[in-house]
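The values are calculated or read from the model by the stated rules, or taken from the named source; none is laboratory data. These numbers come from a predicted model, not from an experiment. Here the Cβ is made from the backbone with ideal geometry for all residues, glycine too, and neighbour counts use every protein chain on show.
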Amino acid sequence: MKISIITVVFNNRNTVKSAIESVLAQLYPNIEYIIIDGASTDGTLDIIKEYGSAIHQVVSEQDAGIYDAMNKGIKLCTGDVIGILNSDDVYENNQVVSTVMDAFSSDLDLALVYGDLVYVKSDDLNQVVRKWTSESYYSDFFEDGHVPPHPSLFIKKTVYQEVGLFDLNMRLAADYEFMLRLFKLHQFKSKYINRLFVRMRLGGATNVSMKNIINGNLEILAAWKKNHLKAPYLLMPKRIIKRLTQFLK
């Protein structure tokens, strides 16, 4: 089986190198690597070009944000499975993709595989600030405040063909809405692997300001409504509790 990995980037020359090398270090032999750049002007493209043909496709043009860039990458993928690693993130080790693809190969009915994630300081990948340990999906998974860590989620291409891409009307929570669609609405077969897959640098768009945090939560509620699902009354308190426990682990 072939896997496609997408990295989206815009003016991030300081960390894109570590993301690229993290992908290229993977031991799995059949990887298609695609980078979608939002027309960077800070030298990011110069770094990308250093890797030559090791990166199978590079697109550099203006986009409508991170989810638009992800959608562009997904449309270009030719692999059986698709993973997305942002330019701030790295895989935990060189066996992450092999572990994921072993799971898909062992169960051909699997549509989704995900693992765990840690947030690290932006200037130190070894300094863990928050641990996002997930668990296997169950019927009230989202109602209880859970959500799979999106950077650790690997999805069969056929899933995208069936349910579509990220909703660009959502600027901050399109990944949440997409996963709600996959797990809750369509109920694709998934597998949780209790291993650390991704180290993610702090500083995502949703968490950079109180305004974005509030707007992100409003989009989460809108995601339930969009999919004709009733958001539970205690959803937000449960999400807050889950997040606080991640800092305490």
Notebook entry, point to check: How about segment 34-48: which of its residues are surrounded by fewer than 21 Cβ atoms within 10 Å (Cβ to Cβ) and closer than 29 Å to Thr99 by Cβ?
Noted result: Ile47
Note to self: Show me the strands (runs of 3 or more DSSP E) entirely contained within segment 1-118 in which 1 or more residues are touching a residue at least 60 places away in the same chain (Cβ under 8 Å), over 26 Å from His186 (Cα atoms) and among the aromatic types (Phe, Trp, Tyr).
What the structure shows: 89-91
Next item on the list: Could you please tell me which pairs satisfy a Cβ distance under 7 Å, a separation of 6+ or placement on different chains, a first residue in segment 225-242 that is within 14 Å of Leu180 (Cα to Cα) and of a type in the set (D, E, K, R), and a second residue that is assigned to a helix (DSSP H, G or I) and at pLDDT 85 or above?
Entry: Lys226/Glu177; Lys230/Trp224
Next item on the list: Can you confirm whether segment 189-201 contains a residue that is surrounded by 17 or more Cβ atoms within 10 Å (Cβ to Cβ), part of a helix (DSSP H, G or I) and charged (D, E, K, R)?
Entry: no
Next item on the list: Can you run down the residue pairs with Cβ atoms below 8 Å, 6 or more apart or on separate chains, where the first is in segment 175-197 and closer than 15 Å to Lys225 by Cα and the partner is among the basic types (Lys, Arg)?
Entry: Glu177/Lys226
Notebook entry, point to check: Just for segment 210-249: of the residues that are part of a helix (DSSP H, G or I), in contact with a helix residue (DSSP H, G or I) (Cβ under 7 Å, 6 or more places away or on another chain) and small (Gly, Ala, Ser), which one is surrounded by the fewest Cβ atoms within 10 Å (Cβ to Cβ)?
Noted result: Gly216
Checklist line | Residues that are of a type in the set (Phe, Trp, Tyr) and crowded, with 17+ Cβ neighbours inside 10 Å, drawn from segment 49-68 | finding: Tyr67
Checklist line | Unmet requirement for His146, which otherwise passes all of (1) surrounded by fewer than 20 Cβ atoms within 10 Å (Cβ to Cβ); (2) modelled with pLDDT of 95 or more; (3) not acidic (Asp, Glu) | finding: (2)
